[in-house]
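Input: a single structure, listed below in structure tokens.
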Amino acid sequence: MSWPPDLPVLRVRWARPTDRLEEVVAFYTDGLGLQQLARFEGHAGYDGVLVGLPGSDYHLEFTHHVDGSPGPAPSEDNLLVLYLESKREAELVAARLAALGYPEVEPENPYWDGRSITVADPDGWRVVLDWGLGED
């Protein structure tokens, strides 16, 4: 399957602001295990970090403006879902996050019960570690 010819997208980036840039980057890199792909500073008052999977065209970008960049999650059901191969792998990632001070939280939507682990980042945005597509 490929992108439709009338929408020739080359890369997808999801960006959001935060007043906790370094904490958020540590959550996604040290905790989740994503890699820092790029960093910029002082671009029209903005600093930012891109994280993702190496070689992937799907990135997360976190920015901070010198005048402030509040970025709290608008709800407990705004999710980034990562599909892992097994429950064991999800538990290993969750343990790494818990060691950094980010314990598992109850999912807002009961769909995720029994098939995933949900963890909130420093701004309250939730990451779901799902093993429902993989083997247990």
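A few notes on this one:
- Given (1) in contact with a strand residue (DSSP E or B) (Cβ under 8 Å, 6 or more places away or on another chain); (2) among the polar types (S, T, N, Q); (3) under 18 Å from Val128 (Cα atoms), index of the condition Gln36 fails: (3)
- On the stretch given as the range 27-76, residues that are crowded, with 17+ Cβ neighbours inside 10 Å and under 26 Å from Glu108 (Cβ atoms) total 14.
- Arg39 closer than 30 Å to Val9 by Cα, among the basic types (Lys, Arg) and modelled with pLDDT of 95 or more: yes
- Of all residues making up the range 71-102, the number that are among the basic types (Lys, Arg) and either touching a helix residue (DSSP H, G or I) at 6+ places or on another chain (Cβ under 9 Å) or at positive phi (or both): 1
- For the range 77-131, the tally of residues that are among the polar types (S, T, N, Q) and surrounded by fewer than 17 Cβ atoms within 10 Å (Cβ to Cβ) stands at 3.
- Selection within the range 25-47 - out of contact with any Leu (no Cβ under 8 Å at 6 or more places or on another chain) and touching a residue at least 24 places away in the same chain (Cβ under 8 Å): Val25, Gly33
- Pairs, first in contact (Cβ under 8 Å) with a residue 60 or more places away in the chain in the range 92-105, second assigned to a loop (DSSP other than H, G, I, E, B) and of a type in the set (A, V, I, L, M), C-beta under 9 Å, six or more apart: Val93/Leu32; Val93/Leu84; Arg96/Leu32; Leu97/Leu32
- Residue satisfying condition, being more than 24 Å from Glu89 (Cα to Cα), touching a residue at least 12 places away in the same chain (Cβ under 8 Å) and outside the structural domain of Pro122 (by TED's automatic domain parsing), within set Asp19, Asp6: Asp19
- Arg126 being among the basic types (Lys, Arg) and out of contact with any Leu (no Cβ under 7 Å at 6 or more places or on another chain): no
- Here is the figure for the range 1-55: residues that are in a strand (DSSP E or B) and not polar (S, T, N, Q) total 20.
- Any hit, the range 124-132, residues being under 13 Å from the mean Cα position of the chain (by Cα), in a loop (DSSP other than H, G, I, E, B) and either of a type in the set (D, E, K, R) or within 12 Å of Phe27 (Cα to Cα) (or both): yes
The values are calculated or read from the model by the stated rules, or taken from the named source; none is laboratory data. This structure is a prediction, so every number in the text was calculated from the model and none was measured. Note that we place each Cβ from the backbone using ideal geometry, even for glycine, and neighbour counts take in every protein chain shown.
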